[in-house]
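Values quoted throughout were computed directly from the atomic coordinates according to the rules given, and no laboratory measurement underlies them. All values reported here derive from a predicted model rather than from experimental measurement. Cβ coordinates were reconstructed from backbone atoms using ideal geometry, including for glycine residues, and neighbour counts include every protein chain displayed.
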Amino acid sequence: MFKKTTKLLVASALVTTLSSAAFAADKVYKWKLATTWGSTLSPFIDAPTNMAKLAEEMSDGRLQIRVDAANKHKAPLGILDMVKGGQYEMGHSASYYWKGKDIETLPFTTMPFGMTAPEQYAWFYYGGGLELMQKAYSKHKVLSFPGGNSGNQMGGWFRKEINSLDDLKGLKMRIPGFAGEVLAKLGVTVTNIAPGELYTSLERGTIDALEWVSPSMDIKMGFHKIAPYYYTGWHEPATELQFLVNERKFSKLPKDLQKILITAMRVAAYDMYVENYHMNAEAWAQIATDYPNVKIKTLPENVIKAMKKANDELLVDMAKESPLLKEVLESQKAYMKKAREWTKMADYKYLEDNL
C-alpha cells in the first residue's frame, strides 16, 4: 500500500511538473515599450519597432511588445522614470538625457571628441562597457543595452556663421549631453528640448541654433529653412541610443525569452546603425543637389581648440563626482587610446591614401 501510494505521488508530481513546463512554454508575455521618438522619426523609431517584431517572431509569439511612440504617451524625456516605475516594461531613448537625474548615466551615449561608433561598440561588447553600464543603472532597478548608433553627428544648424569664440557668447542653443556642458563653459546658453518641439523653437527664436542628428533626419525636420549654416561634428562621434528594461519584469521572463530579447535588441541596434548610415549617404547627396543654399561649415580652429580645453577641464571635474563615474571615464579613455591606433591605420590611412 505504501509503495503504491508513493508511486502515485511521484506520478502526480511528474504530471504537475510537465504541465507547469508546458504552461510556461505556452504562456504569452505582453509587454509595453515607450520611446522618446515620434512614430514617424526614422530610423530611431525603427530600432524598437524592429526589435519587437524580431522578439515576437523568434519566440513564436510568446513575447509580444507594444511600442508606444512619444506622441502617444506624451512624456518623451520621461522614459527612465516610466520603466523604473513599471508603467512600461521597456523603453528606448538615450542615456545622456538622464544626466540631470544621474550623472553616472551620461557617458554611455557618447562623449565629445570621444570614440567612433566601431570603437565604442567594441568597448561595449568586448572592453567592459556593457558591464559598467549595468552597474550604473542597477540603482534604478533597470537594465540598459545598446539601442542603435547614429555614427558621427553633424555639429548643428546656426542662424549666423560662427567665426570666433565671441560669436558663441550668449548664443541660445539646444544641445544635450556633455557637449552642452562644454559650450556652456564657453558662454553658450544651453537648453534641451524634446524632438517634437525643435523646429518650432528655432522658428520662434526661442533658440538661435540647434543640433539634432545628421542629414537624413535633419533635412526632414526643415531646420535648413531657418538656419542655413550647417556645421560638421565634434560633440557626438558615436551616439548610442539605449533599450531600457525593468529589471524585475525581465527576471520573470523564462530564460529562453530573456535570451531572445537580448538577441533581438542587439540585432535591431546594429540594423539601425546600418540603416542610418545608408540614409545619411542618400541625404548628403540630396543636400548638394536640392538644397544649394545650405552652407556647410567647420568651426574655426581656435574655437575647436577652446572646446577641447574646456572638455578636458570638465572631465577632470566630472571624474570627481563618483568612483563609478571615474571608472567609466578612465575605461573609455584607455580603450579609445588603444583602439584609435588601429582606427588610424585601418580607416584614416586608407582614406588618406585613396581619396
Problem set entry | Interchain or long-range residues, amide H under 5 Å from residue 191's placed H | 173, 174, 175
Exercise. Given a cut-off of under 8 Å on Cα pairs at least six residues apart, what relative contact order in percent is computed for the chain?
Worked result: 23
Exercise. If you average the sequence gap of Cα pairs under 8 Å that are 6 or more apart and divide by the length of segment 168-210, what percent do you get for the contact order?
Worked result: 47
Exercise. Against the longest principal axis of the chain, how steep is helix 2-26, in degrees 0 to 90 to the nearest 10, with axes from Cα atoms?
Worked result: 30
Problem set entry | Rg over Rh [alpha-carbon atoms, Kirkwood Rh] for the chain | 1.07
Exercise. Among the lysines, which fall within straight-line cross-link reach of residue 252, defined as a Cα-Cα distance under 25 Å, with same-chain neighbours fewer than 8 residues apart omitted?
Worked result: 27, 30, 32, 53, 84, 135, 139, 141
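Select from segment 165-225 those trypsin sites (Lys or Arg not before Pro) which occupy a DSSP coil region and have at most 14 other Cβ atoms within 10 Å, ordered by residue number.
Counting only loop positions with at most 14 other Cβ atoms within 10 Å, the trypsin sites (Lys or Arg not before Pro) in segment 165-225 are 169, 204.
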For this session: Step through the residues of segment 325-333 one at a time and calculate ³J(HN,Hα) from phi using the Karplus curve (6.51 cos²θ - 1.76 cosθ + 1.60, θ = phi - 60°), rounding each to whole Hz and writing x for Gly and Pro.
Result: 4, 4, 4, 5, 5, 5, 5, 5, 4
For this session: Quick one: work out Rg over Rh on the C-alpha atoms of segment 30-104, Rh as Kirkwood radius.
Result: 0.99
Problem set entry | Degrees, to the nearest 10: 255-290 long Cα axis against longest axis of the chain | 20
Problem set entry | q = 0.17, 0.21 Å⁻¹, segment 288-352: log10 I(q)/I(0) [Debye, one scatterer per Cα] | -0.90, -0.98
Exercise. So what is log10(I(q)/I(0)) for segment 91-199 at q = 0.10, 0.12, 0.18, 0.21 1/Å, when the Debye sum runs over its Cα atoms only?
Worked result: -0.35, -0.49, -1.00, -1.23
Seminar exercise, completed: Here the FRET efficiency for residue 39 versus residue 313, based on Cβ atoms and R0 = 45 Å and rounded to 0.05, is 0.65
Exercise. In degrees from 0 to 90, rounded to the nearest 10, what is the angle of the helix 46-58 Cα long axis to the longest principal axis of the chain?
Worked result: 20
Problem set entry | Cα centroid separation - segment 56-121 against segment 194-210, whole Å | 23
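Please work out how much length the chain gains when fully extended from residue 288 to residue 301, using 0.36 nm per residue of separation minus the C-alpha to C-alpha distance, in nm with one decimal.
Working: separation 13, 0.36 × 13 = 4.68 nm, distance 2.48 nm.
Full-extension gain reported as 2.2 nm.
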For this session: Tell me the trypsin sites (Lys or Arg not before Pro) within segment 25-86 that lie in a loop according to DSSP and have at most 15 other beta-carbon atoms within 10 Å.
Result: 27, 74
Exercise. For the chain, modelled as a Gaussian network with Cα springs under 10 Å, which listed residue fluctuates most, 208, 256, 167?
Worked result: 256
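Can you pull out the trypsin sites (Lys or Arg not before Pro) in segment 271-355 that DSSP calls coil and that have at most 12 other Cβ atoms within 10 Å? Display every interim value, and only then the final one.
Values: sites: 295, 297, 305, 308, 309, 320, 326, 333, 337, 338, 340, 344, 349; in loops: 320.
Filter output for segment 271-355: 320.
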Exercise. If each Cα of segment 127-191 is one equal point scatterer, what is log10 of I(q)/I(0) from the Debye formula at q = 0.15 Å⁻¹?
Worked result: -0.68
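For the chain, what is the mean residue ellipticity at 222 nm derived from helices alone (per DSSP H run of n ≥ 4: -39500 (n - 2.57); sum divided by total residues; nearest 500 deg cm²/dmol)? Walk me through the intermediate numbers first.
Values: 14 runs with 175 residues, N = 355.
Mean residue ellipticity at 222 nm (helix-derived): -15500 deg cm²/dmol.
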Problem set entry | Entries in 172/225; 297/326; 185/333 that, when Cα-Cα distance is taken, lie over 29 Å | 297/326
